[in-house]
Amino acid sequence: MLPDSAIISGVPASAMKAMIAHLEGDDMFDMVFYVDHYTNTRIVRLWILAGQMKLYKVQNQLLEACVQEYIKLKNEIHITPEVLPFEVIHEAFGEEYLDSKITLFMIH
């Protein structure tokens, strides 16, 4: 975890709420996985927040939950690529965003 004096900037309240919910027992990330146009953006923002907080286990749990959610819904929904998640990744990682783990996860 981060020291008490640490500041995390540029984090939407929804990502922080989802993180708190997960740390308090929301193992399936229910605050992230309601299906709408911004689901992938919520996934990306929470993954970046977990990295900023050095909660790498949460990052892995989130990606595993993504896989499980995809398997459950793959025949029910049509996934349309969104630009916003990649803009968020670029903002967080700069020009190296193409090499980030979350980018690779999102495109595969």
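Just to be sure I understand the filter: pairs with C-beta atoms under 8 Å, separated by 6 or more residues or on different chains, first member in segment 20-34 and more than 14 Å from residue 50 (Cβ to Cβ), second member part of a loop (DSSP other than H, G, I, E, B) and modelled with pLDDT of 95 or more. Which pairs pass?
If the second residue must be part of a loop (DSSP other than H, G, I, E, B) and modelled with pLDDT of 95 or more, no pairs are left.
Please find, within segment 15-52, the residue that is farthest from residue 105 (Cα to Cα) out of those that are surrounded by 12 or more Cβ atoms within 10 Å (Cβ to Cβ) and of a type in the set (Gly, Ala, Ser).
The qualifying residue farthest from residue 105 (Cα to Cα) is 21.
Within segment 66-77, can one find any residue that is modelled with pLDDT of 80 or more, assigned to a loop (DSSP other than H, G, I, E, B), within 14 Å of the chain's Cα centre (by Cα) and surrounded by 11 or more Cβ atoms within 10 Å (Cβ to Cβ)?
Scanning segment 66-77 turns up no residue that is modelled with pLDDT of 80 or more, assigned to a loop (DSSP other than H, G, I, E, B), within 14 Å of the chain's Cα centre (by Cα) and surrounded by 11 or more Cβ atoms within 10 Å (Cβ to Cβ).
Just wondering, is there one or more residues in segment 39-52 that are over 26 Å from residue 3 (Cα atoms), free of Cβ contacts under 8 Å to residues at least 12 places away in the same chain and either among the basic types (Lys, Arg) or out of contact with any strand residue (DSSP E or B) (no Cβ under 7 Å at 6 or more places or on another chain) (or both)? Steps first, please.
Pass one, segment 39-52, residues over 26 Å from residue 3 (Cα atoms): 39-41.
Filter again for free of Cβ contacts under 8 Å to residues at least 12 places away in the same chain, leaving 39.
Next, only the ones that are either among the basic types (Lys, Arg) or out of contact with any strand residue (DSSP E or B) (no Cβ under 7 Å at 6 or more places or on another chain) (or both) stay: 39.
Looking for residues that are over 26 Å from residue 3 (Cα atoms), free of Cβ contacts under 8 Å to residues at least 12 places away in the same chain and either among the basic types (Lys, Arg) or out of contact with any strand residue (DSSP E or B) (no Cβ under 7 Å at 6 or more places or on another chain) (or both), one finds at least one in segment 39-52, hence yes.
The values are calculated or read from the model by the stated rules, or taken from the named source; none is laboratory data. These figures come from a predicted structure and were not determined experimentally. Cβ coordinates were reconstructed from backbone atoms using ideal geometry, including for glycine residues, and neighbour counts include every protein chain displayed.
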